[in-house]
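Below is one structure, written out as structure tokens; the observations come after it.
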Amino acid sequence: IIVISDGEPVEMEFDRKPIGGNTEDVYEFKTQKINVDTGDSFYMFTDRYTDQFGGQDGAKFMLKNFKELLNSISSKPMEEQKTILSQKLEDWQGKEEQVDDILVIGVKV
């Protein structure tokens, strides 16, 4: 989860455990609370946006770039953010295949 408050992206710690798939393991997940104020945005996402290959060198997009992108668009309306995220991903991918399912959920308070 990334929270953007006062133009500053903050990454929340999370459990690095699968929530689905072919596993018989049972996990307990930590409950976390995030403090948000009016005007803040927060984003929940899979790692597949950041792991997508592309660009000039076929490299991964990376979390640092994703945080910067979210920070740069967080003040825009959510529908516009969706369009920007989709276009940026498409531009980044170029001719690369999509790695896996990609999910980004954004909420503006």
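Each reported figure results from applying straightforward, stated rules to the coordinates on display, with no laboratory input. Remember, predicted model here, so these are calculated numbers, not experimental data. We place every Cβ from the backbone using ideal geometry, glycine too, and count neighbours over all the protein chains shown.
Summary of computed values
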{"read-out": "Magnitude of the charge dipole, the chain, Cβ model with Lys/Arg +1 and Asp/Glu -1, debye to 20", "value": "180 debye"}
{"read-out": "Rounded to whole Hz, the Karplus (6.51, -1.76, 1.60) HN-Hα couplings of segment 92-103, x for glycine and proline", "value": "5, 4, x, 9, 5, 6, 5, 5, 6, 4, 10, 9"}
{"read-out": "Under 18 Å, Cα to Cα: Lys pairs in the chain, sequence gap 8 or more or different chains", "value": "12"}
{"read-out": "The chain: calculated mean residue ellipticity at 222 nm from DSSP helix runs of at least 4, using -39500 (n - 2.57)", "value": "-8000 deg cm²/dmol"}
{"read-out": "Amide H within-cut-off set for ARG48, under 5 Å, with H built and near neighbours excluded", "value": "LEU103"}
{"read-out": "DSSP loop trypsin sites (Lys or Arg not before Pro) with at most 16 other Cβ within 10 Å: longest gap in the chain", "value": "49-94"}
{"read-out": "Hull-based mean projected area of the chain, where the convex hull spans the alpha carbons, in square nanometres", "value": "7.8 nm²"}
{"read-out": "Net lengthening on full extension, GLN93/VAL107 (0.36 nm per residue, minus Cα-Cα)", "value": "2.5 nm"}
